[in-house]
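What follows is a set of notes on a single structure, which appears directly below.
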Amino acid sequence: MFNNKELFKASFQEQLVSRLGKSMEEATAGDVYKILGSLIRENIGRDWAESNRIAKVQEEKQVYYFSMEFLIGRLLGNNLLNIGMLETVRDGLKELGWDLDEIESQEPDAGLGNGGLGRLAACFLDSLASLQYAGHGCGIRYKYGLFEQKIIDGHQVELPDDWLQRGNVWEERRPDKKVEVRFWGRVEMSERDGRTVFETTGYEKVWAVPYDVPVIGHGEGRVNTLRLWSAESAVDPIKMAQDGQNSYYSFLNYSRSVQSISEFLYPDDSGYEGKLLRLKQQYFLCSAGLQSLLRTFEKLKLPYTELPEKVSVHINDTHPTLVIPELMRILMDEQGFGWDEAWDITVRTVSYTNHTLLSEALEKWPENMIRELLPRIYMIIEEINKRFCGQLLEEGRSQEFVSQVAILESGQVKMAHLAIAGSNSINGVAGLHTELLKTDVMQPFYELYPDRFNNKTNGITHRRWLMHANPKLSSLISEAIGSGWTTSPLQLKELAKFKDDRHIQDVLMGIKLDNKRRLAAYIQDKQGVMVDPESIFDVQVKRLHGYKRQLMNILHVIHLYHEIKDQPNVERVPRTFIFGAKAAPGYYLAKSIIKLINVAADVINRDPQVSQQLKVVFLENYSVSLAEKIIPAANVSEQISTAGKEASGTGNMKFMMNGALTIGTLDGANVEMFDLLGEENMFLFGLRSQEVLNYYRHGGYVARELYHQDARLRRVLDSLVTEGPFCCHEREFEIIRQALLDHNDEFFVLRDFDDYAAAQKQVEQAYRDSVSWASKSIVNIANSGHFSSDCTIERYAADIWDIAPVRRES
Ligand SMILES: *Cc1c(COP(=O)(O)O)cnc(C)c1O
């Protein structure tokens with residue numbers, strides 16, 4: 001429809017008139033965005049329908065990726081890229097007087113996720129479609145995404161993210177596909193034809209209405225579906241009145257409680273949120289998603305025993321674990337299967353990804369909450385647990401072992417245990433993480449089901465994070481090694497041949513400088529802070545969490561400040577430290593760290609002497625679109641979590657792919673990066689995960705001793721609370737000092753400080769040799785193809801889902 005520039009311009013102008021009744025002169029950037037959106041929708045409509053048709057007639061196995069979060073970000077640019085129209089549209093718009101970058105920024109950044117877990121789901125969708133797999137997303141259409149962060153007076157302030165306010169050009173509301181979800185009620189048992197049947201009465205019903213978003217694959221026209229569910233009233237107010245319920249107010253109450261189900265995303269990245277509403281959201285997703293995929297399955301007219309051959313249900317962490325008892329319920333109560341057969345079908349259909357080892361983030365629900373909200377589901381969980389534990393005892397396992405792995409324990413439902421017992425595959429998200437799962441956190445389960453455990457190291461889509469975010473670097477790569485890498489990212493490896501090529505090095509560093517200039521302009525514009533594009537851009541952007549150790553970074557920055565103050569005339573490479581991070585609104589310590597970063601930035605940036613050599617910037621509202629601006633401009637990537645705590649990390653991969661060098665611990669996927677890169681291309685420091693584990697198990701670490709021994713640490717920590725410029729009124733940072741000294745520094749910030757400072761010295765030293773820096777940067781890019789989510793998805797497809805790319809009948 002618009003396969004060349006002139007055709008595009010013509011249809012664009014025609015749509016402007018026919019849809020909006022506007023001329024070119026009257027159109028706003030928002031109008032242009034909307035028209036582009038609808039042009040793309042029209043363009044892919046046929047492919048979308050065709051992909052759906054194939055699903056029904058060709059009987060290809062379908063994967064459904066269930067996730068409470070999809071951090072998809074903006075779609076316009078990536079969709080244009082994937083249909084191969086990005087440059088045509090850019091040029092066409094330019095001739096019409098519009099800048100595509102500006103048009104792209106009109107799109108709200110869909111923030112239906114907290115961080116890495118939600119972004120992984122989005123990258124996976126892109127890879128599934130681009131590799132021609134039939135893999136769909138199943139999530140919730142939150143009215144409000146993750147809060148928008150404003151920094152006021154150095155503090156984080158949370159504002160609602162009203163992302164749907166101006167409509168969503170990508171979604172298609174499908175009321176014809178709505179399903180009913182039931183809460184509350186009582187289970188009644190009766191005998192029918194010699195079988196016990198279970199029926200729930202007195203329940204509250206809610207409509208789940210899907211909004212479908214096309215997931216447009218790169219190149220060959222596969223369009224999958226991200227189906228996002230929205231909750232709507234399923235009760236007729238007239239009927240309610242006739243039933244004698246005090247009509248108007250009870251209807252309003254009901255309606256409000258229904259709407260709240262898909263109202264907002266819980267702004268909590270890890271850690272337990274004990275809210276009934278959150279449980280409602282989880283069941284809402286599981287029940288609606290399952291009913292809907294089973295409707296599609298039923299079109300094949302196959303017996304349910306063949307479900308596992310036609311459908312894979314994958315759960316992204318334990319949040320959608322209720323698919324397991326819900327599928328059991330449907331198979332037994334609605335399809336008439338007995339327990340054993342239903343269980344066999346369920347386990348063969350479901351697979352599970354574990355995302356965390358942090359014990360506070362392993363989900364648990366109070367038994368009585370599930371019993372009340374979901375009485376039939378509770379009965380099924382109870383029965384799963386009874387049979388599971390009973391069988392273990394029968395096999396001769398000790399009572400102690402059984403209580404370790406029990407699903408119900410001390411009045412709580414342990415979701416990870418349910419997920420493991422009820423699925424055929426359990427994967428960790430990086431080699432180290434999977435090893436720790438097997439040997440530590442989930443060790444007894446590994447003993448039970450060694451074959452179910454496997455590793456699938458996370459990945460990122462190189463289409464968004466390299467081709468779209470860094471087009472100049474992409475062009476350079478294609479000039480050097482051809483464009484095969486865009487469809488086979490492992491080919492990036494060929495770039496390594498050019499690591500000592502002076503021309504490629506120069507162009508690469510020129511592109512980096514260009515990206516840094518653009519980011520500097522953005523910082524100037526947003527923050528009024530002038531940063532030097534020639535300085536080292538050292539970046540830490542990710543959720544704020546104790547284990548990610550933004551605190552270590554800022555304490556080191558304060559230490560550098562002291563160094564410069566003491567010896568202002570020593571020649572140093574100027575540095576700009578850039579932070580971006582949202583803290584969970586109830587996470588007090590994390591919010592104090594944000595405040596500290598902002599106070600430090602203020603003091604340092606205003607100091608006429610220090611600010612020549614050191615600048616600190618905190619960019620507010622870290623999000624996918626901001627990540628796309630920042631990461632291509634980074635020289636140094638901070639991946640400094642306490643070893644053993646970061647399951648994988650994906651930010652680390654994005655930076656590597658854009659040529660930043662990593663300073664990091666041997667944690668998560670950093671371990672695999674290090675295996676690929678070797679020590680000459682990465683700055684490694686800090687405790688190893690085994691050492692951290694040993695401290696946790698056997699003690700032996702006293703943070704206060706380090707404070708007394710190390711004058712630098714003493715000076716930095718004292719400057720937060722007493723003398724020194726970083727002390728805020730009301731001793732605001734006392735809590736930080738307490739966490740480190742009184743609570744013995746849970747994340748080993750002080751323990752790793754010295755090693756970190758030494759590694760940072762090496763970074764500075766290495767940056768002075770720009771030729772060798774460029775060479776290391778090339779080696780990083782060359783090895784980053786390994787972390788494309790295309791590679792990750794190929795392995796999920798082969799090892800877990802057993803699916804092959806769908807071939808179109810031509
Ligand atoms: C990639 C990404 C993350 C995950 O970053 P980590 O460094 O792996 O924690 C979080 N938020 C956004 C917006 C991202 O794009």
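Every number here is computed from the coordinates shown, using simple stated rules; none is lab data. Keep in mind that what you see is a predicted model, and the values were worked out from it rather than measured. As a convention, Cβ positions derive from the backbone with ideal geometry for all residues, glycine included, and neighbour counts pool all protein chains shown.
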Can you put His708, His433 in order of Cβ neighbours within 10 angstrom, beginning with the fewest? His708, His433
Nearest-20 debye value, the chain charge dipole, Cβ charges on Lys, Arg, Asp, Glu: 800 debye
Under 5 Å between amide H atoms, partner at least 5 residues away or on a different chain: which partners does Asn427 have, H built in plane at 1.01 Å? Tyr352, Thr353, Asn354, Asn454
Which residue, chosen from Ala55, Gly135, Leu100, occupies the Cα position most advanced towards the positive end of the dipole of segment 52-191, where the dipole is computed from +1 (Lys, Arg) and -1 (Asp, Glu) charges on Cβ about the Cα centre? Ala55
Reference-scaled alpha-carbon Rg (2.2 N^0.38 Å with N residues) for the chain: 0.97
How far apart, in nm, are the 7 Å Cα→Cβ label points at Leu252 and His708? 6.5 nm
Whole-Hz ³J(HN,Hα) from phi, Karplus 6.51 cos²θ - 1.76 cosθ + 1.60, for segment 595-608, glycine and proline x: 4, 4, 4, 5, 5, 4, 4, 4, 4, 5, 5, 8, 7, x
In the structure shown, of Lys629/Lys776; Lys310/Lys548; Lys205/Lys364; Lys497/Lys645; Lys9/Lys177; Lys493/Lys615, the pairs separated by more than 29 angstrom at the C-alpha atoms are Lys310/Lys548; Lys497/Lys645; Lys9/Lys177; Lys493/Lys615
For segment 155-202 and segment 1-29, compute the distance between their C-alpha centroids and round to whole Å. 40 Å
List the residues whose amide H sits under 5 Å from the amide H of Val215, counting only those 5 or more places along or on another chain, with H placed 1.01 Å from N in the peptide plane. Asn224, Thr225, Leu226
